[in-house]
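Undergrad: Handing you a structure now.
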Amino acid sequence: MIRKVISKASVILRAIFLISAFLIIIIGGFTYKHISNLTNSTKLVVGTYKVNMELEQVLSYLKDAENGYRNYILTKDTTYLEPYLTAREKVNASFAQLRVSADNNVAQKENLKVLSKYIDALFDNFTKSNALVETNQTLSEAFKSTFFEEKIIMDSITKKIGDMIALENRQLEQRKAQNQSNLKFTPLFLYLMLLFTLFLIVVSYHKISNDLKKIKGINNELLIFKEATVQLETIGKHGNWIWHIDTNIYTFSDNLYRVLGEKPGAFPASHENFLEFVHPEDRKKVVKDNQSMIKNQDLPFIYYRIIQKNGTVKHIKAYGKLLVGNDDEKRIIGNITDISDEIENFSALEERNLELERNNKELSEFNYVASHDLQEPLRKIQTFISRLQDKESKNFSPTGLQYLERINVAATRMRLLIDDLLQFSRTNKPDKEFVPTNLNTLFEQVKQDLAETILATKASITHENLPTLAVIPFQIHQLFLNLLSNSLKYSKKLEVPKIHLAYSKVAATTDANLAKATQKWYHKITFTDNGIGFDPQYASLIFELFSRLHNKQEYSGTGVGLSICKKITDNHQGFIVAQGKPNVGSVFTVYLPEAG
Amino acid sequence: MPNDYIHIILADDDEDDRLFFVDAFEELNMNTKVNTYNDGIELMAYLNSEGALLPQVLFLDLNMPKKNGIECLNEIKANHKLSDIAIAIYSTSASEEDIEETFVLGANIYIKKPSSFDDLKKVLSEVVSINWQYHTNGLNKDNFLLRM
């Protein structure tokens, strides 16, 4: 985000700068042109005035010469000839000036030539009349005509000079008008350009100050982030390092030193110094991983140990990644984490798990072997009892025979217990294979198994259509067998047993018995009987191993059967719940998860 | 057939069980001749000896020292001279694994030692009266274990 803000701002600012610079150059050019125009027109004005002045001068010299000459004719005093004698020279000097001024002006040049001819004629005339004065012919006809000619020439000169001044003034007016239009337009244009440039500068100022504000905000966020990172490092036992690839300079965060068991900045940050802390057995691996980091400019997760100066060994998890910043500098940013606690906890847990597994296995093996091996002597006791009862009964007193019978009952009960225990331990065995099984078929098999009892009790057994589920078949067989034989066993003596199996699919959220459910849907199979029932306060006790609710003289049972049922539903991630009412009946509900 | 009696052999390391076995046949009075051996090694030594009289039915305990019932079963089935003997497994336990293994190895019936003498007599008389030809043809995993 920071990068984007900065790069966008720099593009805009660069554009504004270029436009402003371009505008200023244009303004400069126009100003220069304008000023040189002004200078030119001043020059023109000055030139015109100079020419006009010079022309007036020439006229006045000529008039002075004429006057002086006339005075001389009247008085014969030669001092009056003074202006006449110098006039020629002065007129020539003025002409030189005029020629320079009129260098670029064709019309004026032509005029000057004409004027020069007139002046030459005037002076020729002077010379002619002077000769007549010298010879005292002033009253002659020739003098009179010369005198008149002089007047005509003089009038022509005056007129010519008047014309020339008028032309000069006209030309001046023309140029002035021309310049005026230029000059009128330029200042307004320049003023507008300047205003626009000023506007651009204001815009860029606004933009720069805005960006600055943004960057300040970002800087502040960065500061907060940095502080949070430092806190995180301390709590999480992380250490951070940066490797500046181009300059090969390393920086370590304060907490990296702490992870190594050192004070921040205790040694210069470098690869070699860090390696000294790495466990000697892991050093080769770390060096290799770091070399691949240099080559690939990336470091995957690696694990190694370090040894702090005080000898404590710590487990480290490390990770690094290449980062190219706004400044295009390449850095690898890396993290190390002290995971010693995790590893310790994990290995402790693993050990405990193994121990538990071992214990469990031993227990189930013990259970199996014990019940299996106990069968053999018991079978012999029973066989010997039956031998005594068959062959030796005549040698026993009635009391002895009664004792023998009691021994037989006890031994039979012990056999029952051992059989059930064996069954229970078999349910614990881990070889569980889930096979899609039609529960209707399974239940029919169970009914077959109990056919004799069913026939004897005349029990009515009904069931709704059951689903096909992926289950451990022999275990569900056992479950059905135990529940059904349970219902048959605890039936009322004077009533025909009625047992019904109901099936439905329920959502875990809608059934109060499924508070601990892990799945969404469950198959619910309910065994309802009209037997002797039980006190509801024993509903959960009923599933505990060896727990019995009824007198064993009245009802034979070991208290293992329902524990096996519980175990089987556990194995299937299901649940079993018992409800009962004395003398009304019992309801056993089995829940099996949909995705068995 | 040269002899009109039924020749039966039992291999069992348990003295009491051998006693019950012999007593039961005595009381059954079925014209049987019963030989017993104390373990697998004795049994195999007899069967492999020259001129041994092979039994019609061999009762084989599984859990015996030195050479157990499974090993004997293996050897008998591998030997074409002995492989036709009808073999009844005669064991204290009836674990799924044992039943499965002996069935696969070719035993003909599995008997769980009963816990009363009357039951024992019933079981033995039934086994001896089986028509092995007929029984073996219809043999499957479900009727392999003898249920009373």
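Undergrad: Need the failing condition index for A:Lys505 against (1) closer than 20 Å to A:Glu464 by Cβ; (2) in a loop (DSSP other than H, G, I, E, B); (3) charged (D, E, K, R), just the number.
TA: So A:Lys505 meets the others, but not (2).
Undergrad: Restricting attention to segment A:521-540, which residues are surrounded by fewer than 18 Cβ atoms within 10 Å (Cβ to Cβ), outside any strand (DSSP E or B) and not charged (D, E, K, R)?
TA: A:Pro536, A:Gln537, A:Tyr538, A:Ala539, A:Ser540
Undergrad: Picking from A:Asn335, A:Asn310, which residue would you name as being assigned to a loop (DSSP other than H, G, I, E, B) and not β-branched (Val, Ile, Thr)? Quick ask: steps written out before the conclusion?
TA: Values: A:Asn335 fails: assigned to a loop (DSSP other than H, G, I, E, B).
Just one listed residue meets the conditions, A:Asn310.
Undergrad: With the checklist (1) over 22 Å from A:Asn438 (Cα atoms); (2) surrounded by 13 or more Cβ atoms within 10 Å (Cβ to Cβ) in hand, flag the one item A:Ala515 doesn't pass.
TA: Just one mismatch for A:Ala515, condition (2).
Undergrad: For B:Asn63, only one of the following conditions fails: (1) open to solvent by less than 30 Å² (accessible area, probe 1.4 Å); (2) within 14 Å of chain A (Cβ to nearest Cβ); (3) assigned to a loop (DSSP other than H, G, I, E, B). What is its number?
TA: (1)
Undergrad: So A:Ser547 fits all but one of (1) open to solvent by less than 20 Å² (accessible area, probe 1.4 Å); (2) not in a helix (DSSP H, G or I); what number is the exception?
TA: (1)
Undergrad: If you don't mind, another one. Checking B:Pro55 against (1) open to solvent by 30 Å² or more (accessible area, probe 1.4 Å); (2) away from chain A (no Cβ under 14 Å); (3) in a loop (DSSP other than H, G, I, E, B): exactly one of these is not met. Which one?
TA: (1)
Undergrad: Also, I was wondering about something else. Tally time: how many residues in segment A:508-520 are of a type outside the set (D, E, K, R) and either assigned to a loop (DSSP other than H, G, I, E, B) or modelled with pLDDT of 90 or more (or both)?
TA: Going residue by residue through segment A:508-520, those that are of a type outside the set (D, E, K, R) are A:508-510, A:512-515, A:517-519.
Of the ones still in play, those that are also either assigned to a loop (DSSP other than H, G, I, E, B) or modelled with pLDDT of 90 or more (or both) are A:515, A:517-519.
The total comes to 4.
Undergrad: Another question about this same structure. Quick one: would you say A:Ile336 is in contact (Cβ under 8 Å) with a residue 40 or more places away in the chain, away from chain B (no Cβ under 14 Å) and either open to solvent by 60 Å² or more (accessible area, probe 1.4 Å) or closer than 30 Å to A:Thr251 by Cα (or both)?
TA: Working: in contact (Cβ under 8 Å) with a residue 40 or more places away in the chain: yes; away from chain B (no Cβ under 14 Å): yes; either open to solvent by 60 Å² or more (accessible area, probe 1.4 Å) or closer than 30 Å to A:Thr251 by Cα (or both): yes.
For A:Ile336, the condition - in contact (Cβ under 8 Å) with a residue 40 or more places away in the chain, away from chain B (no Cβ under 14 Å) and either open to solvent by 60 Å² or more (accessible area, probe 1.4 Å) or closer than 30 Å to A:Thr251 by Cα (or both) - is met.
Undergrad: Kindly indicate whether any position in segment B:89-96 is open to solvent by 30 Å² or more (accessible area, probe 1.4 Å), within 16 Å of B:Ile9 (Cα to Cα) and not β-branched (Val, Ile, Thr).
TA: Going through segment B:89-96, the residues open to solvent by 30 Å² or more (accessible area, probe 1.4 Å) turn out to be B:94, B:96.
Remaining after also requiring within 16 Å of B:Ile9 (Cα to Cα): none.
The answer is no; no qualifying residue exists.
Undergrad: Taking B:Ile111 as meeting all but one of (1) under 25 Å from A:Glu365 (Cβ atoms); (2) open to solvent by less than 10 Å² (accessible area, probe 1.4 Å); (3) within 14 Å of chain A (Cβ to nearest Cβ), write down the number of the exception.
TA: B:Ile111 satisfies all of (1) under 25 Å from A:Glu365 (Cβ atoms); (2) open to solvent by less than 10 Å² (accessible area, probe 1.4 Å); (3) within 14 Å of chain A (Cβ to nearest Cβ) except (1).
Undergrad: Just the residues that are open to solvent by 40 Å² or more (accessible area, probe 1.4 Å), touching a Gly at 6+ places or on another chain (Cβ under 8 Å) and not acidic (Asp, Glu), please, taken from segment A:284-310.
TA: Residues satisfying the conditions are A:Lys309, A:Asn310.
Undergrad: Let me ask you something else. Within segment A:251-266, can you find the residues that are open to solvent by less than 30 Å² (accessible area, probe 1.4 Å) and either more than 15 Å from A:Thr337 (Cβ to Cβ) or part of a loop (DSSP other than H, G, I, E, B) (or both)?
TA: Within segment A:251-266, A:Ser253, A:Leu260 qualify.
Undergrad: In segment B:116-134, which residue that is within 14 Å of another protein chain (Cβ to nearest Cβ) and closer than 26 Å to A:Gln445 by Cβ is most open to solvent (accessible area, probe 1.4 Å)? Before the answer, list the steps.
TA: Of the residues in segment B:116-134, the ones within 14 Å of another protein chain (Cβ to nearest Cβ) are B:116-124.
Going one step further and asking which of them are closer than 26 Å to A:Gln445 by Cβ, we end up with B:119, B:122-123.
Details: B:Asp119: 63, B:Lys122: 115, B:Val123: 5 Å².
Residue satisfying both the conditions and the ranking: B:Lys122.
Undergrad: Residues to consider are B:Asn48, B:Asn137, B:Asn31, B:Asn68; find the one that is more than 14 Å from every other protein chain (Cβ to nearest Cβ), within 16 Å of B:Leu10 (Cβ to Cβ) and among the polar types (S, T, N, Q).
TA: Numbers: B:Asn48 fails: within 16 Å of B:Leu10 (Cβ to Cβ); B:Asn137 fails: within 16 Å of B:Leu10 (Cβ to Cβ); B:Asn31 fails: within 16 Å of B:Leu10 (Cβ to Cβ).
After ruling out the rest, the residue left standing is B:Asn68.
Undergrad: From the residues in segment B:77-86 that are over 14 Å from B:Ile109 (Cα atoms) and in contact with a helix residue (DSSP H, G or I) (Cβ under 7 Å, 6 or more places away or on another chain), which one is surrounded by the fewest Cβ atoms within 10 Å (Cβ to Cβ)?
TA: Applying the filter and picking the extreme gives B:Ser83.
Undergrad: Hey, A:Thr146 hits all of (1) open to solvent by 60 Å² or more (accessible area, probe 1.4 Å); (2) farther than 30 Å from A:Thr39 by Cβ; (3) without any contact (Cβ under 8 Å) to a residue 40 or more places away in the chain but one; which does it fall short on?
TA: For A:Thr146, the exception is condition (1).
Undergrad: If B:Ile99 satisfies all but one of (1) surrounded by fewer than 16 Cβ atoms within 10 Å (Cβ to Cβ); (2) of a type in the set (A, V, I, L, M); (3) within 14 Å of chain A (Cβ to nearest Cβ), what's the number of the condition it fails?
TA: (1)
Residue by residue, here is whether (1) among the charged types (D, E, K, R); (2) buried (at least 16 other Cβ atoms within 10 Å of the Cβ); (3) part of a helix (DSSP H, G or I) holds:
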| residue | (1), (2), (3) |
| --- | --- |
| B:Asp13 | yes, yes, no |
| B:Asp16 | yes, no, yes |
| B:Phe25 | no, yes, yes |
| B:Val34 | no, yes, no |
| B:Leu43 | no, yes, yes |
| B:Gly51 | no, no, no |
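This table checks each residue for (1) under 17 Å from A:Leu416 (Cα atoms); (2) hydrophobic (A, V, I, L, M, F, W, C).
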{"residue": "A:Tyr368", "(1), (2)": "yes, no"}
{"residue": "A:Leu374", "(1), (2)": "yes, yes"}
{"residue": "A:Ile381", "(1), (2)": "yes, yes"}
{"residue": "A:Arg387", "(1), (2)": "no, no"}
{"residue": "A:Leu404", "(1), (2)": "no, yes"}
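Undergrad: Being among the aromatic types (Phe, Trp, Tyr) and surrounded by 15 or more Cβ atoms within 10 Å (Cβ to Cβ), is that true of even one residue in segment A:108-119?
TA: Residues of segment A:108-119 that are among the aromatic types (Phe, Trp, Tyr), as a first pass: A:118.
After this cut, where a residue has to be surrounded by 15 or more Cβ atoms within 10 Å (Cβ to Cβ) as well, the list is A:118.
Yes, segment A:108-119 has at least one match.
Undergrad: Being facing chain B (nearest Cβ under 10 Å), open to solvent by less than 40 Å² (accessible area, probe 1.4 Å) and of a type in the set (A, V, I, L, M, F, W, C) is the filter here, so list the residues in segment A:371-416 that pass it.
TA: Correct list: A:Leu378, A:Ile385, A:Ala411.
Undergrad: So which residues in segment A:218-240 are part of a strand (DSSP E or B) and of a type in the set (Gly, Ala, Ser), if there are any at all?
TA: In the first step, residues of segment A:218-240 are kept if they are part of a strand (DSSP E or B); the result is A:238-240.
Passing the criteria: only A:Gly239.
Undergrad: Let me ask you something else. Working carefully through the options A:Leu469, A:Leu488, A:Leu481, find the one that is of a type in the set (A, V, I, L, M, F, W, C), surrounded by 17 or more Cβ atoms within 10 Å (Cβ to Cβ), part of a strand (DSSP E or B) and touching an Asp or Glu at 6+ places or on another chain (Cβ under 9 Å). Even if it seems obvious, please write down each step before you answer.
TA: Numbers: A:Leu488 fails: part of a strand (DSSP E or B); A:Leu481 fails: part of a strand (DSSP E or B).
Selected residue: A:Leu469, the only one of A:Leu469, A:Leu488, A:Leu481 that is of a type in the set (A, V, I, L, M, F, W, C), surrounded by 17 or more Cβ atoms within 10 Å (Cβ to Cβ), part of a strand (DSSP E or B) and touching an Asp or Glu at 6+ places or on another chain (Cβ under 9 Å).
Undergrad: Then there's this: Against the definition (away from chain A (no Cβ under 14 Å) and either free of Cβ contacts under 8 Å to residues at least 12 places away in the same chain or touching a Cys at 6+ places or on another chain (Cβ under 9 Å) (or both)), how does B:Leu105 come out, yes or no?
TA: Working: away from chain A (no Cβ under 14 Å): yes; either free of Cβ contacts under 8 Å to residues at least 12 places away in the same chain or touching a Cys at 6+ places or on another chain (Cβ under 9 Å) (or both): no.
No, not satisfied.
Undergrad: Sticking with this structure for a sec: Scan segment A:292-312 and report the pairs whose first residue is over 22 Å from A:Leu260 (Cβ atoms) and whose second residue is of a type in the set (A, V, I, L, M, F, W, C), with Cβ atoms within less than 8 Å and a gap of 6+ or a chain change.
TA: A:Ser292/A:Leu299; A:Gln297/A:Ile245; A:Gln297/A:Leu322; A:Gln297/A:Ile332; A:Asp298/A:Leu322; A:Asp298/A:Ile332
Undergrad: Of everything in segment A:81-110, what is part of a helix (DSSP H, G or I) and either aliphatic (A, V, I, L, M) or on the phi > 0 side of the Ramachandran plot (or both)? Give them in sequence order. Lay out the reasoning, then the answer.
TA: So in segment A:81-110, the residues part of a helix (DSSP H, G or I) come out as A:81-101, A:106-110.
A:Leu81, A:Leu85, A:Ala87, A:Val91, A:Ala93, A:Ala96, A:Leu98, A:Val100, A:Val106, A:Ala107, listed by residue number.
The values are calculated or read from the model by the stated rules, or taken from the named source; none is laboratory data. From a predicted model like this one, the values you see are computed outputs, not experimental measurements. Positions of Cβ are backbone-derived with ideal geometry, glycine not excepted, and every protein chain shown enters the neighbour counts. Each accessible area value is taken on the protein alone, full model and side chains, heavy atoms only, with ligands, DNA and RNA left out. Shrake-Rupley method; radii C 1.70, N 1.55, O 1.52, S 1.80 Å.
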